[in-house]
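Engineer: Please find one structure pasted underneath; my questions will follow.
The values are calculated or read from the model by the stated rules, or taken from the named source; none is laboratory data. Note that the structure is a prediction, hence the values are computed from the model and not measured. A quick note on method: Cβ atoms are made from the backbone with ideal geometry, for glycine too, and the neighbour counts reach across all protein chains shown. Keep in mind that these areas ignore ligands, DNA and RNA; they rest on the heavy atoms of the full protein, side chains included. Shrake-Rupley method; radii C 1.70, N 1.55, O 1.52, S 1.80 Å.
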Amino acid sequence: MQDHSGSFVNLLPMVSSNLQKCHGTRKLSTASLALFVFFFLGFMGLQNMHSLFFNCGDSAAENFVVQQQQRRQPTMDDGAKEAGAAAPLPMIGTTQKQQSEEDPDCAGRYIYMYDLPPQFNQKIAEECTGNPAWIRLCEDLSNMGLGKQFILDSNDSLSNLLLPYDAWYKSNQYSLDIVYHERLKRYPCLTDDPEKAVFSYIPFYSALDFGQNMLDTTMSARDRLSQRLVGWLQNNPHWARTGGKNHLLLIGRIAQDHGRKEFEDQWGNCLLSLTELENVTKVVVDRFWWRDDQIAMPYPTSFHPYSDHQIVSWQQTILDNARRDLPVLFVGGPRNDKYFSGSLRNKLMQQCLNSSRCTLLRCDIVDCEKNPQRLTHAFLKSVFCLQPPGDSPTRKGIFDCMVSGCIPVIFDPHSISDQYTVHLPMNVSSFSVLLDGQAAHDGELDVMEELSRIPATTIATMQRTINALIPNILYKRYDSNQTTRDAFDITLEALFNRFTRALTNSSENPRQQ
């Protein structure tokens, strides 16, 4: 049994208040109250004390219980230990601290990872069934966020093309919460001492949380877990000392999904507008380009290699397909919304249908998410791939086409240039084509004609550039022995540079702290 004697006295007044406020009990004597709490803790455990608090909204009491839960060891009870039973394996959301404190290679490279209660990560991932907004959520979260592997029949023409067969997955565009968490749990320079760390990582599955609540019309339901996270952090001594500086939140969705002001009745939740988190650095797949506290990371593609040889082999496959049969490809479906991006997409689809140079692969007819191998094959055969903006300026398709050697054609300057500055060259014209989206929408620009004017030598140079950039936009497998840096490694290096710079500036200018 856990020893709660140290917290017993502090718990009594909160229990008394909440029993009266939430459950209508009369005021109990101290002796009666102590007897009640003693038997409740003995038979039900501290975790079930949540039922006294969470249902009536007492944030102070809620934070107290969460703090006490953290003090418990998530292993076996004393009887099991005495019997020599094996400890259970850690689940998603738990932290395995690495014993690297004396490793000289870790000097200036330490990361501290908060050990959040499971409600902020593990439980979100476990509740993956019956979600109308994300039907294949359980499948998408398998293989530690990489999704389900491609299973191609030996008679399938793609089976000899998409090699090696075990490096291809059906990766969902919003699965990076888990992908990054799993990679960071395996990072060799984790530390239990936050004062030694260059930065502190908060493993909150914000993208999954919003994905499960995005259709809820109640704003408080969408915001609940983000607000509880802030409450939990504010009761943490390390957070209190730093105020969120040199802290990291990884958000696997577009910033727009988390940018609603707290009391507005609009799309999204309020995570990115909470003033308590303004000092935290956020890594997102699509950032607000005017915000200095955000860094963009590439969307996940379907290719997740586990060796340098696999990368080189795939790059050679792309070079072998340099003579592509399809001049222009558009993958997508019609949009029935009132926004410019939806209207532009429909206009581009019509231009594509009217041109012999363009091939249209409609995702409202072919399930593109369920059959990403078909998309990969189409990208591999195409020279240019049209990538108009969707719900935000960026698209997962930009990276899907690039990993197959197709040149992305974008219609919004914020689709690449203000986003992926640490993963892709600043000179975006070296690997992509930017066209005037407004002119294409208004019928003043013939996209196919414009692309046909690009010289073959320029196309060949852009294709070679894209081929060299492929490792920068990949996420390798967790068991990989690959030495080539991938998107995760590049993101991590950018974070170390950012936080080290901030620490240097604060030491040189103490008044700014």
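Engineer: Find the helices (runs of 4 or more DSSP H) located wholly in the stretch 301-391 whose residues include 2 or more that are within 18 Å of residue 443 (Cβ to Cβ) and of a type in the set (Lys, Arg), and list them.
Structural biologist: Answer list for the stretch 301-391: 340-353.
Engineer: A further question on this structure: Hey, can you tell me all the residues within the stretch 88-127 that are at pLDDT 70 or above, in a loop (DSSP other than H, G, I, E, B), open to solvent by 20 Å² or more (accessible area, probe 1.4 Å) and in contact with a helix residue (DSSP H, G or I) (Cβ under 9 Å, 6 or more places away or on another chain)?
Structural biologist: Scanning the stretch 88-127 gives 108, 109, 115, 127.
Engineer: If you don't mind, there's one more thing I want to ask. Anything in the stretch 387-407 that is in contact with a Gly (Cβ under 8 Å, 6 or more places away or on another chain) and crowded, with 22+ Cβ neighbours inside 10 Å? List them, or say none.
Structural biologist: Of everything in the stretch 387-407, those that are in contact with a Gly (Cβ under 8 Å, 6 or more places away or on another chain) and crowded, with 22+ Cβ neighbours inside 10 Å turn out to be 387, 388, 397.
Engineer: For residue 412, indicate whether it is out of contact with any strand residue (DSSP E or B) (no Cβ under 9 Å at 6 or more places or on another chain) and surrounded by fewer than 24 Cβ atoms within 10 Å (Cβ to Cβ).
Structural biologist: No.
Engineer: Which of the numbered conditions does residue 436 fail, given that it passes all the others? Conditions: (1) out of contact with any Leu (no Cβ under 7 Å at 6 or more places or on another chain); (2) surrounded by fewer than 21 Cβ atoms within 10 Å (Cβ to Cβ).
Structural biologist: The one condition residue 436 does not meet is (1).
Engineer: When you scan the stretch 127-143, do you find a residue that is small (Gly, Ala, Ser) and out of contact with any Gly (no Cβ under 8 Å at 6 or more places or on another chain), even just one?
Structural biologist: The answer is yes, given that some residue of the stretch 127-143 is small (Gly, Ala, Ser) and out of contact with any Gly (no Cβ under 8 Å at 6 or more places or on another chain).
Engineer: Then there is this: Name the residue that is nearest to residue 142 (Cα to Cα), counting only residues in the stretch 215-244 that are at pLDDT below 85 and surrounded by fewer than 17 Cβ atoms within 10 Å (Cβ to Cβ).
Structural biologist: 215
Engineer: Then there's this: Across the stretch 467-484, which residue is surrounded by the most Cβ atoms within 10 Å (Cβ to Cβ) among those that are under 19 Å from the mean Cα position of the chain (by Cα) and part of a loop (DSSP other than H, G, I, E, B)?
Structural biologist: Ranking the qualifying residues of the stretch 467-484, first place goes to 475.
Engineer: Just wondering, is there one or more residues in the stretch 190-198 that are within 17 Å of the chain's Cα centre (by Cα) and of a type in the set (S, T, N, Q)?
Structural biologist: No, the stretch 190-198 has no match at all.
Engineer: Could you run through the stretch 379-409 and say how many residues are over 20 Å from residue 458 (Cβ atoms) and either of a type in the set (Ser, Thr, Tyr) or touching a helix residue (DSSP H, G or I) at 6+ places or on another chain (Cβ under 9 Å) (or both)?
Structural biologist: 13
Engineer: Just checking, does the stretch 304-314 include any residue being open to solvent by less than 40 Å² (accessible area, probe 1.4 Å) and modelled with pLDDT under 90?
Structural biologist: So far as the stretch 304-314 goes, no, none of its residues is open to solvent by less than 40 Å² (accessible area, probe 1.4 Å) and modelled with pLDDT under 90.
Engineer: Touching a Ser or Thr at 6+ places or on another chain (Cβ under 9 Å), surrounded by 17 or more Cβ atoms within 10 Å (Cβ to Cβ) and either in contact (Cβ under 8 Å) with a residue 60 or more places away in the chain or among the polar types (S, T, N, Q) (or both): is that true of residue 171 in this structure?
Structural biologist: Considered against the rule, which asks whether it is touching a Ser or Thr at 6+ places or on another chain (Cβ under 9 Å), surrounded by 17 or more Cβ atoms within 10 Å (Cβ to Cβ) and either in contact (Cβ under 8 Å) with a residue 60 or more places away in the chain or among the polar types (S, T, N, Q) (or both), residue 171 comes out as yes.
Engineer: Something else: Which is within 17 Å of residue 385 (Cβ to Cβ) and not in a strand (DSSP E or B), of 424, 445?
Structural biologist: Exactly one residue qualifies, and that residue is 424.
Engineer: In the stretch 227-282, how many are touching a residue at least 40 places away in the same chain (Cβ under 8 Å), among the charged types (D, E, K, R) and assigned to a strand (DSSP E or B)?
Structural biologist: Looking only at that region, the number is 1.
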